[in-house]
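Engineer: The structure follows.
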Amino acid sequence: MLQLKSGFTALAFGALLMGQPAQAQIKSAIDIATIGEPGPLDPVTVTSDLVSIITQHVFETLYAFDAKWEAAPLLASALPTITDGGTLYTVPLRTGVTFHDGSAMGADDVVASLQRWLKASPRGKLAAPAVETVTAKDDHTVTIKLKQPFAPLLPLLAFQNGAAAIMPKALAASTDTLKTYIGTGPYKIAEQKPDQYIRMVRFDRYASPAGAPSGYAGARKAEIEELRFVPVPNATTRVDGMLAGQYQFADSLPTELAPKFKGQTAAKPIMVKPFGWALVIFNQKTGPMTNPVVRQAAQAALAPEDMLLAAFGDPTFFQLEGSIYPQGTPFYDEAGVKGYNQHDQKKAAALLKQAGYKGEPIKILTSPQYDFLYKMSLVAQQNLQEAGFTVDLQVLDWATLLSKRSDPAAWDAFFTFHTFVPEPSLITIMNPAYPGWWDTPEKKAALDAFNLETDPTKRVADWKTVQGLFYAQVPAIKIGAFYSLSAQSQKLSGYTPTEWPFFWNVKVSQ
């Protein structure tokens, strides 16, 4: 990992990278401390939040979410026209958009990109069964013909995670993980050194969408000339670097370190609320957790309140809440969470006996790079062992965990979290292609009914059925809701606190 000495300025670092005098290179730059090495920067095939945070500056989608979590045009020039009973989406494209390689974006590029997304993205695969064709009507219009109505399509097209990212046709021709990164975003990647940094520079030919900035939508301006994402796995190092002025932004900080910012003038803490929910996901392809009664035993054994207290300490940063969606949202359903927060070891032991569990080791993956997840996993290990489980807790760096979870033979459970999303079908565990592979007939029928329904009131009722199955079949266990702690330099202005930090429309003073 690259460690910059205190006093080694951003300008000097830029000069070192380029091998030329600092003043001749850049006028403004910031260093962003992340939780670790992201691995491949393919915004389509990879659903890691860290990858999405980085790649949203480089790759763009047809639509983006505004501050109200409503889809707004990004590379499209307007919202789609939906006809033929909800089965034909006509998408007008913006003109004058240029890729980082200098080529102009056209309908053929969009068609190829969407076809790659449908084949290669876990989120695209969710939409693929409903899609009949994606075609270019003309140079600046794309049509998406569906076999039947599919309500989540527009939110899926707007989401930057497992994104329907638009790239040149030639790059989109392969579904292999990208090694070349050419998008339309306000920044382009200049250099990537694994475990050291990702350096991106302002794209001078960037064509911004119109409108006032709102959430991820509206005008985007690269005010800062250079962004450097630096992997800093140790959270204390991220905080100390912020206070020393070494970094201008740091993500995913442990809440117990928040007091270190009190009275400091170099940096300030940021809390994003609502942010997300922590969960442990079970493997339904191989191993002991394929037995639903064993999963129910784990659900009975865990103590979410103890896990949240261990992870965050201060109740200000979490909510003991079983509903997948928080209070105040249309999909909130606290009545349908039977099984949440039981902490009943006798019941868990009885269920294990009923399941015929023979003490097989339960391989649980966790990572200290997300400190709160690691602390939760330690409490979970104790809870499960008290109920009679044999636990093999495997502590990995986050990139290794992400790689390992794709192999069904390598794990039985893993700890992760999900950020707030406005559309339930965007939740990764709902996707049968996502590790965990929840794909029972009952769940498929319930989710299909939910996705086919376009009436908002009826969709709320259908979602209650899906959440009920989540608690009955236990593909995962929600631990609780939590709020994110990050930090920004006092030299930054214009930053918008959000789930996936972005740095367009942000200025830095020298």
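The values are calculated or read from the model by the stated rules, or taken from the named source; none is laboratory data. Here the structure is a predicted model, which means the values were calculated and not measured. FYI the Cβ positions are ideal-geometry reconstructions off the backbone, even for glycines, and counts take in every protein chain you see.
Engineer: With the structure loaded, tell me whether Ser367 is in contact with a Leu (Cβ under 8 Å, 6 or more places away or on another chain) and either touching a residue at least 40 places away in the same chain (Cβ under 8 Å) or more than 18 Å from Tyr471 (Cα to Cα) (or both) or whether it fails that test.
Structural biologist: yes
Engineer: Suppose the filter is on the phi < 0 side of the Ramachandran plot, surrounded by fewer than 23 Cβ atoms within 10 Å (Cβ to Cβ), part of a helix (DSSP H, G or I) and basic (Lys, Arg); does Lys137 pass it?
Structural biologist: Values: on the phi < 0 side of the Ramachandran plot: yes; surrounded by fewer than 23 Cβ atoms within 10 Å (Cβ to Cβ): yes; part of a helix (DSSP H, G or I): no; basic (Lys, Arg): yes.
Taking the combined requirement at face value, the residue does not satisfy it.
Engineer: Among the numbered conditions (1) in a loop (DSSP other than H, G, I, E, B); (2) over 23 Å from Lys285 (Cβ atoms); (3) of a type outside the set (S, T, N, Q), tell me where Lys464 comes up short.
Structural biologist: (1)
Engineer: Which one is surrounded by the fewest Cβ atoms within 10 Å (Cβ to Cβ) among residues in the range 81-126 that are part of a helix (DSSP H, G or I) and more than 26 Å from the chain's Cα centre (by Cα)?
Structural biologist: Within the range 81-126, the first condition is being part of a helix (DSSP H, G or I), and the residues that meet it are 107-120, 122-126.
Among the residues that remain, those that are also more than 26 Å from the chain's Cα centre (by Cα) are: 107-108.
Numbers: Ala107: 20, Asp108: 14.
This residue is Asp108.
Engineer: Take Asp251 and tell me if it is in contact (Cβ under 8 Å) with a residue 40 or more places away in the chain and among the charged types (D, E, K, R).
Structural biologist: Yes: the conditions hold for Asp251.
Engineer: Name the residues in the range 301-315 that are touching a residue at least 12 places away in the same chain (Cβ under 8 Å) and part of a helix (DSSP H, G or I), would you?
Structural biologist: Correct list: Ala301, Pro304, Glu305, Asp306, Met307, Leu308, Ala310, Ala311, Phe312.
Engineer: So in the range 349-373, with the set limited to residues that are assigned to a helix (DSSP H, G or I) and within 24 Å of the chain's Cα centre (by Cα), which one is nearest to Met289 (Cα to Cα)?
Structural biologist: Leu373
Engineer: Let me ask something else. Suppose we filter the range 445-490 for residues that are at pLDDT below 95 and of a type in the set (Lys, Arg); how many remain?
Structural biologist: Residues meeting the conditions: 2.
Engineer: Does Thr184 fit the bill of being in contact (Cβ under 8 Å) with a residue 60 or more places away in the chain and of a type in the set (S, T, N, Q)? Write out each step before concluding.
Structural biologist: Working: in contact (Cβ under 8 Å) with a residue 60 or more places away in the chain: yes; of a type in the set (S, T, N, Q): yes.
Answer is yes for this residue.
Engineer: Next question. Across the range 377-416, what is the number of residues that are among the polar types (S, T, N, Q), in a strand (DSSP E or B) and crowded, with 20+ Cβ neighbours inside 10 Å?
Structural biologist: Number of matching residues: 1.
Engineer: Out of the range 486-501, which residues are in a loop (DSSP other than H, G, I, E, B) and under 18 Å from Ile35 (Cα atoms)?
Structural biologist: Pro497, Thr498, Glu499, Trp500, Pro501
Engineer: Which of the numbered conditions does Ala433 fail, given that it passes all the others? Conditions: (1) out of contact with any helix residue (DSSP H, G or I) (no Cβ under 8 Å at 6 or more places or on another chain); (2) farther than 19 Å from Pro326 by Cα; (3) among the small types (Gly, Ala, Ser); (4) not in a helix (DSSP H, G or I).
Structural biologist: (1)
Engineer: Still on this structure: Tell me, please, whether a residue that is under 21 Å from the mean Cα position of the chain (by Cα), surrounded by fewer than 24 Cβ atoms within 10 Å (Cβ to Cβ) and of a type in the set (Ser, Thr, Tyr) can be found in the range 224-238.
Structural biologist: The answer is no, given that none of the residues of the range 224-238 is under 21 Å from the mean Cα position of the chain (by Cα), surrounded by fewer than 24 Cβ atoms within 10 Å (Cβ to Cβ) and of a type in the set (Ser, Thr, Tyr).
Engineer: List the residue pairs whose Cβ atoms are under 6 Å apart, where the first residue sits in the range 480-494 and is closer than 30 Å to Gln327 by Cβ, the second is of a type in the set (Lys, Arg) and part of a strand (DSSP E or B), and the two are 6 or more positions apart or on different chains.
Structural biologist: That search, which allows pairs on different chains as well, returns Tyr483/Lys273.
Engineer: Restricting attention to the range 40-74, and to residues there that are β-branched (Val, Ile, Thr) and part of a helix (DSSP H, G or I), which single residue is surrounded by the most Cβ atoms within 10 Å (Cβ to Cβ)?
Structural biologist: Only one residue tops the list, namely Thr55.
Engineer: Which condition number in (1) surrounded by 15 or more Cβ atoms within 10 Å (Cβ to Cβ); (2) within 19 Å of Glu386 (Cβ to Cβ) is the one that Pro326 fails?
Structural biologist: (2)
Engineer: Being assigned by TED's automatic domain parsing to the domain that holds Val395 and within 17 Å of Gln467 (Cα to Cα) is true for just one of Ala349, Ala335, Ala301, Ala297. Which residue is that?
Structural biologist: Ala335
Engineer: Return yes when Gln148 is in contact (Cβ under 8 Å) with a residue 60 or more places away in the chain, over 30 Å from Val506 (Cβ atoms) and outside any helix (DSSP H, G or I) and no when it is not.
Structural biologist: yes
Engineer: Taking only the range 312-334 into account, find how many residues are closer than 15 Å to Asp462 by Cβ and at pLDDT 90 or above.
Structural biologist: Adding up the residues that qualify gives 5.
Engineer: Being within 27 Å of Ala487 (Cβ to Cβ), more than 19 Å from the chain's Cα centre (by Cα) and of a type in the set (Phe, Trp, Tyr): is that true of Phe261 here?
Structural biologist: Here the answer is yes, as Phe261 does meet what is asked.
Engineer: Quick check on this structure: which one of Pro209, Pro155 is touching a strand residue (DSSP E or B) at 6+ places or on another chain (Cβ under 9 Å), crowded, with 18+ Cβ neighbours inside 10 Å and assigned to a loop (DSSP other than H, G, I, E, B)?
Structural biologist: Pro209
Engineer: Give me the pairs: first residue in the range 257-271 and in contact (Cβ under 8 Å) with a residue 12 or more places away in the chain, second residue acidic (Asp, Glu), beta-carbon distance under 8 Å, and six or more apart or on different chains, which are they?
Structural biologist: As it stands, the answer is Ala258/Asp314, since those pairs meet every condition given.
Conditions (1) under 25 Å from the mean Cα position of the chain (by Cα); (2) small (Gly, Ala, Ser); (3) in a helix (DSSP H, G or I); (4) crowded, with 16+ Cβ neighbours inside 10 Å, marked per residue:
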| residue | (1), (2), (3), (4) |
| --- | --- |
| Ala335 | no, yes, yes, no |
| Lys338 | no, no, no, no |
| Lys347 | no, no, yes, yes |
| Lys375 | yes, no, yes, yes |
